[in-house]
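Before any comments, here is the structure.
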Amino acid sequence: MNVFIVYCHPSKNSFTYEIKESFIRGLRETGHKYVVSDLYAEGFNPVMSEEEYVREGFYNLDMPVAADVLKEQEKINAADAIVFIYPDFWTASPAMLEGWFQRVWTYGFAYGDNPSMKILEKAVFLVTMGGSLEDEIRKTQLEAMKTVMDGDRIRNRAKKCEVYVFDQMTRGYGNDQNRLERIGRFSASVYELARNLGD
């Protein structure tokens, strides 16, 4: 498969970075092709301009789409699957990724009467979380995140959508040993997910 990875984390010193590396290793060893947009490293601009707002707000196809946005849209239409890798920040993705969706999901591409965005075979979300999914509040928050990402952002833009959350990854708070054990287990599961992505 051709896989487009949208990676969003400000630091290599993170479990989210390890997840990305394990996933890429699985893709590479299985022969999948991939490209990565590392939003922080590449300095993606997440801020919608006034011109972009006017284009979107008035559904004006005559107004141009910014070059950096077109580049992301081209990566999407060259892919069979899109994979988002990011941490849960206050029950949301980082602001950089929120802005990516707001700018890249343009009128005429991701929505409208005849959108040009291809229907992908699969969309996958790999989300890291400091808290525990054993807590009822986290379970509720996870359902809210799925509603946003799967129900709204992906919706009918992919034939299949999968959301995976890797929890209890906080540092400190007596969680260090548990975190180390989960890093190994979660990294192995992500590696296998990548190897079986086409299934």
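The values are calculated or read from the model by the stated rules, or taken from the named source; none is laboratory data. Worth saying up front: this structure is predicted, and the values here are computed from it rather than measured. Positions of Cβ are generated from backbone atoms using ideal geometry, with glycine treated the same way; all protein chains shown enter the neighbour counts. We work out accessible area using only protein heavy atoms, side chains counted, and drop any ligands, DNA or RNA first. Shrake-Rupley method; radii C 1.70, N 1.55, O 1.52, S 1.80 Å.
A few remarks follow.
- Distances between placed amide hydrogens fall under 5 Å for A158 paired with L120, all partners being 5 or more residues away or on another chain.
- Distance (nanometres) between label positions extended 7 Å along Cα→Cβ at R28 and S14: 2.1
- Three-way shape label, region 120-199, alpha-carbon gyration tensor, a/c 1.5: oblate
- Using alpha-carbon coordinates, inclination of helix 15-30 to the longest axis of the chain, degrees: 80
- Integer Hz, Karplus 6.51/-1.76/1.60 couplings in order for region 156-170, x for Gly and Pro: 9, 8, 9, 5, 9, 10, 10, 10, 10, 10, 10, 9, 6, 9, 5
- Mean Cβ neighbour count within 10 Å, used as a protection proxy, ranking 126-132, 142-148 highest first: 126-132, 142-148
- Added length on full extension, which subtracts the Cα-Cα distance from 0.36 nm per residue, K139 to K71: 20.9 nm
- For region 61-199, alpha-carbon Rg and Dmax in angstrom: 16.9, 57
- Charges were assigned to the Cβ only: +1 to each Lys and Arg, -1 to each Asp and Glu. The resulting dipole of the chain about its Cα centre is roughly 540 debye.
- Of the solvent-accessible surface of region 120-161, computed with a 1.4 Å probe and all protein chains present, 48% belongs to carbon and sulfur.
- For the pair V54 and L180, the difference between a 0.36 nm per residue extended length and the Cα-Cα distance amounts to 40.6 nm.
- Cross-link partners of K33 among lysines (Cα-Cα below 21 Å; sequence separation of 8 or more within a chain): K20, K71, K75, K118, K122, K159, K160
- If you take all other residues with their beta carbon under 12 Å from the beta carbon of G99, and give Lys and Arg +1 and Asp and Glu -1, the sum is -3.
- The magnitude of the dipole of region 1-98, with charges of +1 and -1 set on the Cβ of Lys/Arg and Asp/Glu and taken from the Cα centre, is near 480 debye.
- Under 5 Å, built H, 5+ apart or other chain: amide partners of Y34: V3
- Prolate/oblate/rounded label for region 1-58 (Cα gyration tensor, a/c 1.5): oblate
- Taken as Cα centroids, region 149-199 and region 1-78 sit 18 Å apart, rounded to the nearest whole angstrom.
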